[in-house]
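Nothing in this text is a laboratory measurement; each read-out follows from the coordinates by a stated rule. Remember, it's a predicted structure, so these values are computed and weren't measured experimentally. Methodologically, a virtual Cβ is constructed for each residue, glycine included, from the backbone with ideal geometry; neighbour enumeration extends over all protein chains shown.
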Amino acid sequence: MQTPSLPALPAFADILQANPGWLDEAVPTVEASRITGEPVPTLETKRVRGGGPVFLKLGKSVRYTRRACFEYLAVRRRTSTSDSGQAAA
């Protein structure tokens, strides 16, 4: 029995070309959690203590831009478990 194949995901550049403002749309904490992989309570704690993605405070609402979420992930990329993420001086 053959497993059905999933359709190919669109390239990130194609998403941005089709939706020019997509990266800068403000999204709720739940979507930021999906993007970053951080649980909602962790994002809430990091808003108080620092260290999380940059967020927007709109009255009582908190929002994140997708760009801020992807930037948060980008600075956490590592090439190995011993990689501290700091560039060699």
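Could you count how many residues in the stretch 31-76 are over 12 Å from the mean Cα position of the chain (by Cα), exposed (fewer than 10 other Cβ atoms within 10 Å of the Cβ) and either among the basic types (Lys, Arg) or not in a loop (DSSP other than H, G, I, E, B) (or both)?
Adding up the residues that qualify gives 5.
Output the qualifying pairs, or none if there are none: Cβ atoms under 9 angstrom, residues six or more apart or on different chains, first residue in the stretch 19-39 and free of Cβ contacts under 8 Å to residues at least 24 places away in the same chain, second residue assigned to a loop (DSSP other than H, G, I, E, B).
ASN19/GLU25; SER33/PRO39; GLU38/GLY52; GLU38/PRO53
Tell me, which residue of the stretch 1-30 that is part of a helix (DSSP H, G or I) and in contact with a helix residue (DSSP H, G or I) (Cβ under 8 Å, 6 or more places away or on another chain) is surrounded by the most Cβ atoms within 10 Å (Cβ to Cβ)?
Checked the stretch 1-30; the qualifying residue surrounded by the most Cβ atoms within 10 Å (Cβ to Cβ) is THR29.
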